[in-house]
Amino acid sequence: MSHPSAFEIRSNSGLGEETLEYTVSDTSGEYELNDIVISVSPDDGEGSVDLSFELADGETPTYSGTYSGTMTFTIIIATN
């Protein structure tokens, strides 16, 4: 691994169990753990964001196969 990261995927097959780091970003830049990705005003009522997921710099899979991970997110509904 190139550096500690909150975002990782793990090999579910292949010759061994391998972990790869990845980045999450959009047009405004790269996100870290616990960053706010989108904030929508109650007056607006809706919003969206397109995210990109890419292997972190220096990460290259050693084994072919399927890699997976879990991304957990929180939605907070606030009133005016």
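A short reminder: the numbers here are calculations on the coordinates, not readings from a lab. What you are looking at is a predicted structure, and each value in this text was computed from that prediction instead of being measured. Cβ: placed from backbone, ideal geometry, glycine included. Neighbour counts: every protein chain shown.
When ranked by the protection proxy of mean other Cβ atoms within 10 Å per residue, highest first, what sequence do the peptides 54-63, 38-47 form?
54-63, 38-47
Normalising by the residue count of the chain, find the relative contact order in percent from Cα pairs under 8 Å and 6+ residues apart.
Relative CO of the chain lands at 39 percent.
Where does each of 7, 53 land when they are ranked from fewest to most other beta-carbon atoms within 10 angstrom? It would help to have the intermediate numbers written out before the result.
Details: 7 16, 53 12.
Neighbour counts put them in this order, fewest first: 53, 7.
Test of understanding: ordering 19, 27 by Cβ neighbours within 10 Å, fewest first, what list do you get?
27, 19
Where the only charges are on Cβ atoms (+1 Lys, Arg; -1 Asp, Glu), what is the dipole of the chain about its Cα centre, to the nearest 20 debye?
300
Please arrange 20, 51 by how many other C-beta atoms lie within 10 Å of their C-beta, fewest to most. Don't skip to the answer; put the middle values down first.
On the way: 20 20, 51 11.
Least crowded to most crowded, the residues run 51, 20.
Quick check: pseudo-label points 7 Å beyond the Cα along Cα→Cβ at residue 53 and residue 74, how many nm apart are they?
So the two model labels end up 2.1 nm from each other.
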